[in-house]
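Written out below as structure tokens is the structure these notes cover.
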Amino acid sequence: MSQANLPKRRLLLVDDQPINIQALHQLFAADHQVFMATSGAQALKVCAEMQPDLVLLDVQMPGMDGHEVCRRMQADPALRDIPVIFVTAHSEAEAETQGLALGAVDFISKPFNPAVVRARVKTHLTLKAQSDLLRQLAYLDGLTGVYNRRHFDTQLPIEYQRCIRSGGSLAVLLVDVDHFKRYNDCYGHLAGDDCLRRVAQTLAQTLRRPGDLMCRYGGEEFVCLLPDTDLAGAVTVAESLVSRVSALALPHAQSELGQIVSVSVGGAASHPVPGGEPALLLSSADQQLYAAKQAGRARALC
Ligand code: GH3
Ligand code: MG
Ligand code: MG
Ligand code: MG
């Protein structure tokens, strides 16, 4: 893919003085997607909504200053990985060390040299792209290509917090392939692996909303995280997962469940509360999954 076809990198410029933002904007507007904020609070909001690849952050601002913005970003798992470069009139070594100690990746003094700023931004955007790629690889399951358990464990507390803020309900679905030990015994482990890939793809394709997440939880179990979804929504999704997998009609002579591969789903939904325990959602879903198995498999219970 040529450079021109790559999506533009996202840059957030934060400064309480619009004239300073303008100076930086001129440097980057042509090749980057540029967002702007004129206060610390606004900067945090844009970070959460737009997930920029890099933030150029003024230190001195009325109200919440740049250092506090950086501290809050570090404390928030959803913002922690966004690199920050401080841009400030303070050029003493002490100010610079303080900024770096807060977790900033670099430090630029005002008045700045445009060529130097461009070069540093380019370097940090390259590093960010590389670490995004590594993170992505670390979060994908090698067999099925869907997200892995590690990613689920990272996202669950993040989505839980997000639903506290939005007031929405959060749903978790646990999906388990029925009689999969028999499948391996009957068709062999390589065929078993193929089957898991097909099931994983189908489950992932069944989730429709951009915020929905499907992960391989381990073995022949998958987990879905559905933000802003209540129990009725969870039931609808869980039932469509069951029926979409059955519709694949993958032969399973030993299943005794229509001679095809099927899944059972257990689901739970609740309104997250501050201090609440996200893992409770998982254990409720697990109980429902157990009940679905007891009730005869190839079904969803929420
Ligand atoms: P149930 O309907 O009660 O869920 O029965 P089950 O046989 O699916 O459940 P059980 O937990 O007894 O067996 C799960 C099987 O999944 C056993 C294991 O060999 C198989 N399995 C787990 N991971 C993989 C994998 O990566 N590839 C293959 N081929 N099989 C796997
Ligand atoms: Mg300022
Ligand atoms: Mg299982
Ligand atoms: Mg199973």
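The values are calculated or read from the model by the stated rules, or taken from the named source; none is laboratory data. No experiment lies behind these values; they were computed from the predicted model shown. Here the Cβ positions follow ideal geometry from the backbone for every residue, glycine too, while neighbour counts run over all protein chains shown.
Quick one: would you say R162 is within 16 Å of ligand 1 (Cβ to nearest atom), surrounded by 14 or more Cβ atoms within 10 Å (Cβ to Cβ) and either modelled with pLDDT of 95 or more or assigned to a helix (DSSP H, G or I) (or both)? Taking the combined requirement at face value, the residue does not satisfy it.
Against the test of being closer than 23 Å to Y147 by Cα and surrounded by 20 or more Cβ atoms within 10 Å (Cβ to Cβ), the options L281, L248 yield a single qualifying residue, L281. For the residues A285, A234, the requirement of being within 16 Å of ligand 4 (Cβ to nearest atom) and under 19 Å from C163 (Cα atoms) singles out A285. Cβ-Cβ contacts under 7 Å between residues 6 or more apart (or on different chains), taken from a first residue in the range 179-198 that is among the aliphatic types (A, V, I, L, M) and modelled with pLDDT of 95 or more to a second residue that is more than 7 Å from ligand 1 (Cβ to nearest atom) and not in a helix (DSSP H, G or I), are listed as L196/T144. Given the structure, is L125 within 16 Å of ligand 3 (Cβ to nearest atom) and in contact with a strand residue (DSSP E or B) (Cβ under 6 Å, 6 or more places away or on another chain)? Against the criterion (within 16 Å of ligand 3 (Cβ to nearest atom) and in contact with a strand residue (DSSP E or B) (Cβ under 6 Å, 6 or more places away or on another chain)), L125 does not qualify. Considered as a group, the residues in the range 173-213 that are among the aliphatic types (A, V, I, L, M), within 16 Å of ligand 3 (Cβ to nearest atom) and part of a strand (DSSP E or B) include one that is farthest from Q155 (Cα to Cα), and that residue is V177.
Here is a yes/no grid of residues against (1) of a type in the set (K, R); (2) at pLDDT below 95; (3) crowded, with 16+ Cβ neighbours inside 10 Å:
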residue	(1), (2), (3)
Q3	no, yes, no
D16	no, no, yes
Q26	no, no, no
A29	no, no, no
L54	no, no, yes
M64	no, no, yes
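Scanning the range 167-192 for residues that are loosely packed, with under 14 Cβ neighbours inside 10 Å and under 26 Å from the mean Cα position of the chain (by Cα) yields a total of 1. The listed residues are V237, V245, and the only one of them that is more than 22 Å from L170 (Cα to Cα), outside any loop (DSSP other than H, G, I, E, B) and of a type outside the set (K, R) turns out to be V245. Within the range 89-97, is there a residue that is in contact (Cβ under 8 Å) with a residue 12 or more places away in the chain, part of a helix (DSSP H, G or I) and either under 18 Å from A37 (Cβ atoms) or among the small types (G, A, S) (or both)? Among the residues of the range 89-97, at least one is in contact (Cβ under 8 Å) with a residue 12 or more places away in the chain, part of a helix (DSSP H, G or I) and either under 18 Å from A37 (Cβ atoms) or among the small types (G, A, S) (or both), which makes the answer yes. Restricting the range 136-158 to residues that are charged (D, E, K, R) and over 12 Å from the mean Cα position of the chain (by Cα), the residue that is farthest from D194 (Cα to Cα) is R149.
Could we say that T144 is of a type in the set (V, I, T) and either within 25 Å of L257 (Cβ to Cβ) or in contact with a Pro (Cβ under 6 Å, 6 or more places away or on another chain) (or both) here? Here the answer is yes, as T144 does meet what is asked.
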